[in-house]
Amino acid sequence: MKKTFWRCFVCNDIHYGIKPPEICPTCKVKNAYVEISASEAKTCLAPVPEKEFTKEDFLRAIETLAEGQEFMINPDRARLETLFEGIFNNERNHGLKYCPCRLICKEFEEDLKIVCPCNFLIHETYKGVDKGECWCGMFIKR
Amino acid sequence: MAKLIMFHGRECPHCRAMMPLVDQLEKEAGIVLEKHEVWHDEKNADLMRSYRPVLTPQCGGQLRVPTFLNTETNAAVCGEIPYEKLKEWALK
Ligand code: SF4
């Protein structure tokens, strides 16, 4: 199934996926999404002001992601700093927050799999491993 | 002639951890590994990508760093590995 764009006809939230959310997360209206073209989605999003997303913002985002989950952020701050440096350098030099411990192969769909945070739950360093961690050791099992 | 290559990333903690082991191995075995940093050098990245069919089956289906490759036998090992395993790869 192919992902496409959807727009909430009440609050104009944009969603990208095979199906829209049943309840709009912003305005809470039910069944409010209508399918739209990629160009309409891009036009809707274009005026959204660019806002710097700092390393602190990123840390806050991944901490929020880890809340209540079986994994947490590695408390080793030096390691985190090294990884953040790589992630942000990769975004600046290569366009997305690519994993510093892997390399893009220049196939977009494939490369999306290594945007941080990635789906590390399937990594062999994590899945079924006692003290599992993501390939880079940024997320570790609690 | 066979070349021993290490593909690494500047901000990869596994690569940093492996560097002293690589130094030790070079001294002990009297060999030299060709080191290619892949995130800040496109030529090195392209070189690593050119080995994709050889590397990915041996490295979890992806291009990962660090990766150690013997260009003659195509034997590759990836990630943070014990010294003995690195030595075994290098001297095989
Ligand atoms: S392995 Fe860890 S650091 Fe690397 S992209 Fe995935 S979550 Fe991020």
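Where helices (runs of 4 or more DSSP H) fall wholly inside region A:35-110, the ranges with 2 or more residues that are under 24 Å from A:Phe139 (Cβ atoms) and in the same structural domain as A:Cys134 (by TED's automatic domain parsing) are A:55-66, A:77-94. Taken over region A:88-139, the residue count meeting the criterion of being away from every other protein chain (no Cβ under 12 Å) and among the β-branched types (Val, Ile, Thr) is 2. Taken as a whole, region A:115-136 holds at least one residue that is open to solvent by 10 Å² or more (accessible area, probe 1.4 Å), among the acidic types (Asp, Glu) and more than 14 Å from the ligand (Cβ to nearest atom).
Here the condition is being at pLDDT 95 or above, within 11 Å of chain A (Cβ to nearest Cβ) and closer than 27 Å to A:Asp76 by Cβ; of B:Glu42, B:Glu11, it holds for B:Glu11 alone.
The values are calculated or read from the model by the stated rules, or taken from the named source; none is laboratory data. Being a predicted model, the structure only gives us computed values, none of them experimental. Every residue, glycine among them, receives a Cβ derived from its backbone with ideal geometry; neighbour counts consider all protein chains shown. These accessible areas exclude ligands, DNA and RNA; they are computed on the full protein's heavy atoms, side chains included. Shrake-Rupley method; radii C 1.70, N 1.55, O 1.52, S 1.80 Å.
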